[in-house]
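The values are calculated or read from the model by the stated rules, or taken from the named source; none is laboratory data. The structure displayed is predicted, hence computed values, not measured ones. Here the Cβ positions follow ideal geometry from the backbone for every residue, glycine too, while neighbour counts run over all protein chains shown.
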Amino acid sequence: MKKIENKKIKVAFPHMGTIYVAWEMALKKMGVEPYIPPYTSKKTLSLGTKNSPEAICLPYKLILGNFIEAIEGGVDYVSMIASPGICRLGEYGRNIAQVLKELGYKANYIELNLYDGFLGMIDYMSRISGSKNYFKILNAIYMAVRTVFAIDELQSFLSYYRAREIHIGDSEKAFNRAINEIRKANNMKELRNALKNGLKGISSTEIDKNKDVLKVDLTGEIYIVNDEFSNQNMERELGAMGVQVRRSLTVSSFLKDAIIPKMFKKGETHLERAYRLAKPYLMRDIGGDALECVSDVLYAKERNIDGLIHVSPFTCMPEIMSQNIFPKMREDVNLPILSLIMDEQTGRAGYITRLEAFVDLMRRKKMKAKIEENKTPQKV
Ligand code: SF4
């Protein structure tokens, strides 16, 4: 891969929730101009679908759509993360680059190979910026990683307040303000302040502290879990129903497993926990996030969570496997599990009805457990 010579070039990344904030931070720190493609929309989906094989998974179509919109917006380079693993993600990059070429687009394609770890990340930053200044590169990576951690912290705060807020939408407005503050940060001090103010802003949302809130873990294929467009803003819908959602797969947990060197990690990572917990049902990594998803069921049970929602793209091979393991797990752990498959055909009305029915099921189960508990004679 030849390095990029001109530092004034514009580089675009595909969307996945708020990940663009971290990319933007890294590029700004390297002196490269970030280009944020229009946020994923029906137009993006239609551009991607029109130029993709029908049976390819939804993230591929959306990434391609993002790239087409970015190139039409004038970028020089499009870039994404790739991993030569067991599932199709390893083929995405080459396919997308080829499709863009066949469509006559001139932008170059550059990728970060996930399996190259931290050193790969340094090399990638050097190629994308044309810089060999390793201090600058390390600082850019550090700022981007801290940005991801900050946003994930804000996200879990949002989830708590969203499920209890008096005026629907207040906590999300505070969250969006916090994201804008983070985007303005130029150094660690400003980033820390933006996070502190953001947490304060969200926690000033007026809430009903005594509300009987359900707790749900959200797991599945990482792109769909973290991308509001592809999961049809599930967390907002559930929040309005009084459900606090915890994302089991976050970009922070992914970074801890894939990029951050071992000596900087504290405690057990998500993948390490997955290998430990999933063993009775799945002995090895079968690609994508299937191992993590299977283990997340057991982790949710361990913490007495009310239910688990599993989201995956239509035709996602690893998640087809995990979905086939869930029926047995449902029996063993007595935990409500809802599996939702998303694609460009997923209709909103039917999807909301399924969420409502699942919430209703969890409430009845919880109520029944309380009644049983009250019937149990108390020890004197
Ligand atoms: S994990 Fe699933 S959705 Fe993601 S690239 Fe692999 S097959 Fe596609």
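Of these, 330, 364, which one is assigned to a helix (DSSP H, G or I), under 23 Å from residue 297 (Cβ atoms) and within 29 Å of the chain's Cα centre (by Cα)?
Numbers: 364 fails: within 29 Å of the chain's Cα centre (by Cα).
Unique residue meeting the criteria: 330.
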Self-check item: Unmet criterion (only one of (1) away from the ligand (no atom under 16 Å from the Cβ); (2) assigned to a helix (DSSP H, G or I)) for residue 115
Solution: (1)
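Being more than 14 Å from residue 34 (Cβ to Cβ) and either within 11 Å of the ligand (Cβ to nearest atom) or of a type in the set (A, V, I, L, M, F, W, C) (or both) is the filter here; which residues of the range 61-71 pass it? Don't jump to the end; show me each part of the working.
Here is the first cut: in the range 61-71, the ones more than 14 Å from residue 34 (Cβ to Cβ) are 61-65, 67-69, 71.
Passing the criteria: 61, 62, 63, 64, 67, 68, 71.
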Practice problem: Just one of (1) touching a helix residue (DSSP H, G or I) at 6+ places or on another chain (Cβ under 6 Å); (2) at pLDDT 95 or above trips up residue 192, so point out which. | Solution: (1)
Exercise. State the number of residues belonging to the range 194-236 that are surrounded by 19 or more Cβ atoms within 10 Å (Cβ to Cβ) and part of a helix (DSSP H, G or I).
Key: 12
Exercise. Quick one: in the range 284-293, of everything that is assigned to a helix (DSSP H, G or I) and among the hydrophobic types (A, V, I, L, M, F, W, C), which residue is surrounded by the most Cβ atoms within 10 Å (Cβ to Cβ)?
Key: 293
Quiz item: What do you reckon, is residue 293 of a type outside the set (Val, Ile, Thr) and out of contact with any helix residue (DSSP H, G or I) (no Cβ under 7 Å at 6 or more places or on another chain)?
Solution: no
Self-check item: Failed condition for residue 112, given (1) assigned by TED's automatic domain parsing to the domain that holds residue 185; (2) under 14 Å from residue 63 (Cβ atoms)
Solution: (1)
Practice problem: Can you confirm whether the range 291-307 contains a residue that is at positive phi, within 16 Å of the ligand (Cβ to nearest atom) and in contact (Cβ under 8 Å) with a residue 60 or more places away in the chain? | Solution: no
Quiz item: Here are 81, 68: which of them is under 15 Å from residue 96 (Cα atoms), among the hydrophobic types (A, V, I, L, M, F, W, C) and assigned to a strand (DSSP E or B)?
Solution: 81
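Can you find even one residue in the range 343-352 that is within 24 Å of the chain's Cα centre (by Cα), surrounded by 20 or more Cβ atoms within 10 Å (Cβ to Cβ) and within 16 Å of the ligand (Cβ to nearest atom)?
Residues of the range 343-352 within 24 Å of the chain's Cα centre (by Cα): 343-352.
Retained after the next criterion (residues that are surrounded by 20 or more Cβ atoms within 10 Å (Cβ to Cβ)): none.
No, the range 343-352 contains no residue that is within 24 Å of the chain's Cα centre (by Cα), surrounded by 20 or more Cβ atoms within 10 Å (Cβ to Cβ) and within 16 Å of the ligand (Cβ to nearest atom).
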Quiz prompt | Answer from 104, 130, 48, 74 - the residue that is more than 16 Å from the ligand (Cβ to nearest atom) and either in the same structural domain as residue 222 (by TED's automatic domain parsing) or in contact with a Lys or Arg (Cβ under 6 Å, 6 or more places away or on another chain) (or both) | solution = 130
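Take the residues in the range 13-52 that are of a type in the set (S, T, N, Q) and under 23 Å from residue 154 (Cα atoms), then tell me which one is farthest from the chain's Cα centre (by Cα). Please lay out each step first, then the result.
Within the range 13-52, the first condition is being of a type in the set (S, T, N, Q), and the residues that meet it are 18, 40-41, 44, 46, 49, 51-52.
Narrowing the set further to residues that are under 23 Å from residue 154 (Cα atoms) leaves 18, 40.
On the way: 18: 8, 40: 14 Å.
Here the answer is 40.
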Exercise. Considering each of 110, 86, 141 in turn, give the residue that is within 16 Å of the ligand (Cβ to nearest atom), more than 21 Å from residue 230 (Cβ to Cβ) and not aromatic (Phe, Trp, Tyr).
Key: 86
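State yes or no: is residue 140 under 19 Å from the mean Cα position of the chain (by Cα) and either small (Gly, Ala, Ser) or part of a loop (DSSP other than H, G, I, E, B) (or both)? Quick ask: steps written out before the conclusion?
On the way: under 19 Å from the mean Cα position of the chain (by Cα): no; either small (Gly, Ala, Ser) or part of a loop (DSSP other than H, G, I, E, B) (or both): yes.
So residue 140 does not fit the description; no.
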Quiz item: Considering only residues of the range 294-329 that are among the acidic types (Asp, Glu) and surrounded by fewer than 24 Cβ atoms within 10 Å (Cβ to Cβ), which is nearest to residue 364 (Cα to Cα)?
Solution: 306
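How many residues are away from the ligand (no atom under 11 Å from the Cβ) and surrounded by fewer than 20 Cβ atoms within 10 Å (Cβ to Cβ) if we restrict to the range 51-60?
First, the residues of the range 51-60 that are away from the ligand (no atom under 11 Å from the Cβ): 51-54.
Remaining after also requiring surrounded by fewer than 20 Cβ atoms within 10 Å (Cβ to Cβ): 51, 53-54.
Adding up the residues that qualify gives 3.
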Quiz item: Can you tell me which residues in the range 321-380 are at pLDDT below 95 and among the aromatic types (Phe, Trp, Tyr)?
Solution: 351
Exercise. Could you tell me whether the range 244-260 includes any residue that is of a type outside the set (Gly, Ala, Ser), farther than 30 Å from residue 167 by Cα and in contact with a strand residue (DSSP E or B) (Cβ under 8 Å, 6 or more places away or on another chain)?
Key: no
Quiz item: Which of (1) within 16 Å of the ligand (Cβ to nearest atom); (2) surrounded by 19 or more Cβ atoms within 10 Å (Cβ to Cβ) is the odd one out, the single condition residue 257 does not satisfy?
Solution: (2)
